[in-house]
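I have placed the structure first, in the form of structure tokens, so that the comments after it can refer back to it.
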Amino acid sequence: MFNNAMGLILADNKKITLGELSGPRALSAVPFAGRYRVIDFMLSNMVNSGIKNVGVLTYNKYKSLMDHLGTGAAWSLDRKNDGLHILPPYVNSEATNLNGDEELWGILDFLRTSRTTFVIVANSNVVLNTTFDAMIEAHEKSGADLTVMYNRDATKFGSPSYILDVDDDGFVKDMLYNPQKAASNKSSLGIICLRRDMLVDIISKQMSHGITHFGIHSMVKMFDELKVYAYEYAGVALRINSVQTYFNASMSLLNESVRDDLFWSGEPIYTKVKDEAPTLYFETSDVKNSIVSDGCRIYGNIEDSIIFRSVTVSKNTTIKNCVVMQDAHISENCHLENVILDKNAFVRPGVRLVGHHDYPVVIGKGAGI
Amino acid sequence: MSRTDVVAMILAGGQGARLGVLTKRIAKPAVPFGSRYRIIDFPLSNCVNSGIEIVGVLSQYQPLALNTYVGNGHPWDLDRNNAGAYILPPYQRSGKSDWYKGTANAIYQNKDFIDDNNPKYVVILSGDHIYKMDYAAMLKQHIAKGADATVAVYEVPWEEAPRFGILNTEGDDSIYEFEEKPAKPKSNLASMGVYIFTWDVLRTALIKDEADPNSNNDFGKNIIPMLLSEGKKLFAYRFSGYWKDVGTISSLWETNMDILDKPEEINLVDRSWKIFSRNPVKPSHFIGKDGSVKNSALTDGCRIHGVVDHSVLSESVIVEKGAVVKDCVLLPGVIVKEGAHIERCIVDFGTVIGKNVKAGPNVEGETAYTNHKICSQGISVFERGLIIKDDAVIPANSMIDSDIDVPEEESVIADTFRV
């Protein structure tokens, strides 16, 4: 357990949209894996690394994120010292006098009041279960100014992807954004560690050069001025940067090896507790190869699907290759295939909805069909 | 009702000996129930949902698991600034110290706790019933009738009345007599073990009861008859919702099965009266390609590759390929290995049912584990932390207990571990 670091999570990403899924919420608040939100993984990783001070940087659509995070109690981050800090754009009393650098001022304030040596900064479009002890150790050993975590994830990264060109000593010598032809199979996971005072210096310097936006890869790109070390992560890391990759990441949970890596081999992943009842399977139900969460009432058939909390699947209905989010209700005699149903969606009797596994149909939050 | 007008006291110190090995290491209120819950979740959630925020939990027998489970009361919103859940074990004091001698004595020993909160009314609850009840509605009647004590009653079938503490009432529901397990009952109103007292009245009665060396210091046997003899105003409060005592193996099993057979009766999905519980922090459950689940209740962390029919599974239960689980109650972390076939079994924390084990009413005969005193209706019970030998054959009504002396060749236990 390492407790000399603080964490900073960038809760949204202006380069990524998940269509209707990220319409009502920040990227990190998108529901995932039956009972989680995407941010639960990074928050838990930090807490499981012994980090007790976590800032969550948001810029808009943060209502559902705030509802979810609350006081941080679910992650044991409701602390007197440190704990969870939500950092919306920093606006002082003269709200009309915006310079565009409010976001950076907010981060600087947060960083300056801490006493830790290191900071872990992470994007929120990647799902993995790890602790950062080994990364920080590698960072110190390498003598780098900044260390970025990457994995070798075949070639289909989707956009945005940041491909690292790494020299023989493990230092980054080039970084390519969405390259046509990848220089390597090393793709950044959007997680960096560096000294806290170094990060304060970098941000101050960026502000004096008129930069107003805080981004992880804008720092990795400083490989000419800074020694940037690349640290390989060998475990499962699921990138979420489009509806398609969200769907693929969800479906990959049906592989036992992925589930084992994310949920059973490491530390626990925490999330907001909902106190739902147990799920009831009735006589007419038939469920195969699926993840199902608490509070569901299952009368129908489910195959190769991810079912969130308190979902009702009625008689003579088939759900195949679908992601069905919390409180969705699917009436009798329906057939849904390759569909993502957002929260509170209501499907009336007899509806047939079939998407393609390369292009799933998305039904928005609260929609009635 | 002001927040501090009422203090609830949950009697959670009893051993629950009729649950056999299930309560060897933990107190009865901490026994898992209904897939997601512990028995004590029901009175605790009822308190919170009724607006009672000061809850004393009296623990004595094997308190460790119960104390850890209740903790600071956070899962029930009972971590308040000037209220919340308080674990109240018996404690040493100058002069005379004692274990809790009876239900009334347990409250007597904690009268300082109640006095410090200075309530007008005290709600006394037991930690071994499954029910949803609005204590605020009962208190409303208590106040409206100007009662000194109100006892919640449940109409039981006449033929079952001799098993209960029966209250005999007048037309206005005022109580004139209490009879413990009467052979010839005059009424079918059974006491639910849920009492509301005006604290001044109870306080005086408890002190008087404590001074009587012949008293059993019990609410039903002593306090209620004493108040009646003194001419105090006692009323029955009629409750008609779902209410089950889970004090025996067969009633615990039946009540679990009620969740499957009549889910609308206890109605656990009612969001206006949630039953809260401590969360296990496990991922959603998974049913594999070879798995089959019907008529069953499952919760987080379960991984099912075999057949589960008409069973209640707690968190993180694993059923391997080719295994069959029917009419069972499996508590957290139980593993059922390949090819095992178990029916009507209650399996405690973490126990591993070995490959091809056969257990249930289809297995005939008797062994050293057969226990007709605790087990009935063909139900078998397995202690926590056992590894059951592969191919073991276990007849109905067995209690698999590592403390029973069994010759090596007859033993079905390969090993034990601490959970």
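The values are calculated or read from the model by the stated rules, or taken from the named source; none is laboratory data. These numbers were taken from a predicted model, which means no experiment stands behind them. So basically every Cβ, Gly included, is an ideal-geometry build from the backbone, and we count neighbours across all protein chains shown.
If you go through the range B:49-69 one residue at a time, do you hit one that is without any contact (Cβ under 8 Å) to a residue 24 or more places away in the chain and surrounded by fewer than 23 Cβ atoms within 10 Å (Cβ to Cβ)?
Yes, the range B:49-69 has at least one match.
State yes or no: is residue A:275 under 25 Å from residue B:268 (Cβ atoms) and in contact (Cβ under 8 Å) with a residue 12 or more places away in the chain? Working first, answer last.
Values: under 25 Å from residue B:268 (Cβ atoms): yes; in contact (Cβ under 8 Å) with a residue 12 or more places away in the chain: no.
Answer is no for this residue.
Filter the range B:239-277 down to residues that are within 14 Å of chain A (Cβ to nearest Cβ), in a loop (DSSP other than H, G, I, E, B) and of a type in the set (S, T, N, Q), then give me how many there are.
Total satisfying the criteria: 2.
Return the only residue of A:191, A:163, A:202 being crowded, with 16+ Cβ neighbours inside 10 Å and more than 30 Å from residue A:89 (Cβ to Cβ). Working first, answer last.
Values: A:191 fails: more than 30 Å from residue A:89 (Cβ to Cβ); A:202 fails: more than 30 Å from residue A:89 (Cβ to Cβ).
Being crowded, with 16+ Cβ neighbours inside 10 Å and more than 30 Å from residue A:89 (Cβ to Cβ) holds for just one of A:191, A:163, A:202, which is A:163.
Assess whether residue B:322 counts as being more than 14 Å from residue A:291 (Cα to Cα), away from chain A (no Cβ under 13 Å), in a loop (DSSP other than H, G, I, E, B) and not aliphatic (A, V, I, L, M).
Spelling it out, residue B:322 is indeed more than 14 Å from residue A:291 (Cα to Cα), away from chain A (no Cβ under 13 Å), in a loop (DSSP other than H, G, I, E, B) and not aliphatic (A, V, I, L, M).
Looking at (1) part of a helix (DSSP H, G or I); (2) more than 19 Å from residue A:103 (Cβ to Cβ); (3) under 23 Å from the mean Cα position of the chain (by Cα), find the lone condition where residue A:176 falls short.
(1)
Given the conditions (1) within 14 Å of another protein chain (Cβ to nearest Cβ); (2) out of contact with any Asp or Glu (no Cβ under 7 Å at 6 or more places or on another chain), report the number of the one that residue B:73 does not fulfil.
Status for residue B:73: all satisfied but (2).
Does residue B:182 satisfy being surrounded by fewer than 16 Cβ atoms within 10 Å (Cβ to Cβ) and modelled with pLDDT under 95? Step through it out loud before you land on a result.
Details: surrounded by fewer than 16 Cβ atoms within 10 Å (Cβ to Cβ): no; modelled with pLDDT under 95: yes.
In short, no.
What's the total number of residues in the range B:278-292 that are within 7 Å of another protein chain (Cβ to nearest Cβ) and in a strand (DSSP E or B)?
3
When the residues of the range A:268-284 are filtered to those that are among the charged types (D, E, K, R) and either touching a strand residue (DSSP E or B) at 6+ places or on another chain (Cβ under 9 Å) or part of a strand (DSSP E or B) (or both), which remaining residue is nearest to the other protein chains (Cβ to nearest Cβ)?
So in the range A:268-284, the residues among the charged types (D, E, K, R) come out as A:272, A:274-276, A:283.
Restricting the remaining residues to those that are either touching a strand residue (DSSP E or B) at 6+ places or on another chain (Cβ under 9 Å) or part of a strand (DSSP E or B) (or both) gives A:272, A:283.
Working: A:272: 10, A:283: 6 Å.
Filtering first and then ranking leaves A:283.
In the range A:303-318, is there at least one residue being in contact (Cβ under 8 Å) with a residue 40 or more places away in the chain, buried (at least 20 other Cβ atoms within 10 Å of the Cβ) and not in a strand (DSSP E or B)? Quick ask: steps written out before the conclusion?
Going residue by residue through the range A:303-318, those that are in contact (Cβ under 8 Å) with a residue 40 or more places away in the chain are A:304, A:306-309.
Cutting the leftovers down to buried (at least 20 other Cβ atoms within 10 Å of the Cβ) gives us A:306-309.
Filter once more, so that each one left must be not in a strand (DSSP E or B): A:308-309.
Within the range A:303-318, one or more residues are in contact (Cβ under 8 Å) with a residue 40 or more places away in the chain, buried (at least 20 other Cβ atoms within 10 Å of the Cβ) and not in a strand (DSSP E or B).
May I ask you to verify whether residue A:296 is out of contact with any Phe, Trp or Tyr (no Cβ under 9 Å at 6 or more places or on another chain) and without any contact (Cβ under 8 Å) to a residue 60 or more places away in the chain?
On the way: out of contact with any Phe, Trp or Tyr (no Cβ under 9 Å at 6 or more places or on another chain): no; without any contact (Cβ under 8 Å) to a residue 60 or more places away in the chain: yes.
For residue A:296, the condition - out of contact with any Phe, Trp or Tyr (no Cβ under 9 Å at 6 or more places or on another chain) and without any contact (Cβ under 8 Å) to a residue 60 or more places away in the chain - is not met.
Restrict the check to the range B:299-306 and report whether at least one residue is crowded, with 23+ Cβ neighbours inside 10 Å, within 14 Å of chain A (Cβ to nearest Cβ) and of a type in the set (Asp, Glu).
Residues of the range B:299-306 crowded, with 23+ Cβ neighbours inside 10 Å: B:299-300, B:302, B:304, B:306.
Keeping just the survivors that are within 14 Å of chain A (Cβ to nearest Cβ) gives B:299-300, B:302, B:304, B:306.
Checking the rest, the ones that are also of a type in the set (Asp, Glu) come to B:300.
So far as the range B:299-306 goes, yes, one or more of its residues are crowded, with 23+ Cβ neighbours inside 10 Å, within 14 Å of chain A (Cβ to nearest Cβ) and of a type in the set (Asp, Glu).
Here is a yes/no grid of residues against (1) at pLDDT 95 or above; (2) surrounded by 15 or more Cβ atoms within 10 Å (Cβ to Cβ); (3) not polar (S, T, N, Q):
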site: A:80; (1), (2), (3): no, no, yes
site: A:96; (1), (2), (3): no, no, no
site: A:107; (1), (2), (3): no, yes, yes
site: A:145; (1), (2), (3): yes, yes, yes
site: A:178; (1), (2), (3): no, no, no
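Of these, A:292, A:287, which one is out of contact with any Ser or Thr (no Cβ under 7 Å at 6 or more places or on another chain), within 8 Å of chain B (Cβ to nearest Cβ) and surrounded by 22 or more Cβ atoms within 10 Å (Cβ to Cβ)? Spell out the reasoning first.
Values: A:292 fails: out of contact with any Ser or Thr (no Cβ under 7 Å at 6 or more places or on another chain).
When all the criteria are applied, what remains is A:287.
Is the range A:182-197 home to any residue that is in contact (Cβ under 8 Å) with a residue 40 or more places away in the chain, of a type outside the set (S, T, N, Q) and part of a helix (DSSP H, G or I)?
yes
Among the numbered criteria (1) under 13 Å from the mean Cα position of the chain (by Cα); (2) more than 14 Å from chain A (Cβ to nearest Cβ); (3) hydroxyl-bearing (Ser, Thr, Tyr), which single criterion is violated by residue B:68?
The single condition residue B:68 does not satisfy is (1).
Considering each residue of the range B:32-45, count those that are within 11 Å of chain A (Cβ to nearest Cβ) and either part of a helix (DSSP H, G or I) or modelled with pLDDT under 95 (or both), and give that number.
2
Could you check the range A:332-369 and list, in sequence order, the residues that are among the charged types (D, E, K, R), surrounded by fewer than 20 Cβ atoms within 10 Å (Cβ to Cβ) and part of a strand (DSSP E or B)?
Residue satisfying the conditions is A:352 alone.
Go through (1) within 14 Å of chain B (Cβ to nearest Cβ); (2) outside any helix (DSSP H, G or I) for residue A:250 and report which single condition fails.
(2)
Give B:352, B:319, B:325, B:347 a once-over and let me know the one that is within 17 Å of residue B:24 (Cβ to Cβ) and either at pLDDT 95 or above or out of contact with any Ser or Thr (no Cβ under 8 Å at 6 or more places or on another chain) (or both). Outline the logic, then answer.
Numbers: B:352 fails: within 17 Å of residue B:24 (Cβ to Cβ); B:319 fails: within 17 Å of residue B:24 (Cβ to Cβ); B:325 fails: within 17 Å of residue B:24 (Cβ to Cβ).
Result: B:347 is the single residue among B:352, B:319, B:325, B:347 that is within 17 Å of residue B:24 (Cβ to Cβ) and either at pLDDT 95 or above or out of contact with any Ser or Thr (no Cβ under 8 Å at 6 or more places or on another chain) (or both).
Output the number of residues of the range A:2-42 satisfying the condition of being of a type in the set (Gly, Ala, Ser) and not in a loop (DSSP other than H, G, I, E, B).
5
Residues to consider are A:258, A:236; find the one that is part of a loop (DSSP other than H, G, I, E, B) and either more than 14 Å from chain B (Cβ to nearest Cβ) or under 26 Å from residue A:40 (Cα atoms) (or both).
Values: A:258 fails: part of a loop (DSSP other than H, G, I, E, B).
Exactly one of A:258, A:236 is part of a loop (DSSP other than H, G, I, E, B) and either more than 14 Å from chain B (Cβ to nearest Cβ) or under 26 Å from residue A:40 (Cα atoms) (or both), namely A:236.
Consider the range A:337-369. How many of its residues are in contact with a Cys (Cβ under 6 Å, 6 or more places away or on another chain) and within 18 Å of residue A:309 (Cα to Cα)? Please lay out each step first, then the result.
Looking only at the range A:337-369, we keep the residues that are in contact with a Cys (Cβ under 6 Å, 6 or more places away or on another chain), and these are A:339, A:347, A:351.
Filter again for within 18 Å of residue A:309 (Cα to Cα), leaving A:339, A:347.
So the answer is 2.
Which of the residues belonging to the range B:348-362 are over 11 Å from residue B:400 (Cβ atoms) and hydrophobic (A, V, I, L, M, F, W, C)? Steps first, answer last, please.
Taking the range B:348-362 first, the residues over 11 Å from residue B:400 (Cβ atoms) are B:349-350, B:352, B:354-356, B:358, B:360-362.
Selection gives B:349, B:352.
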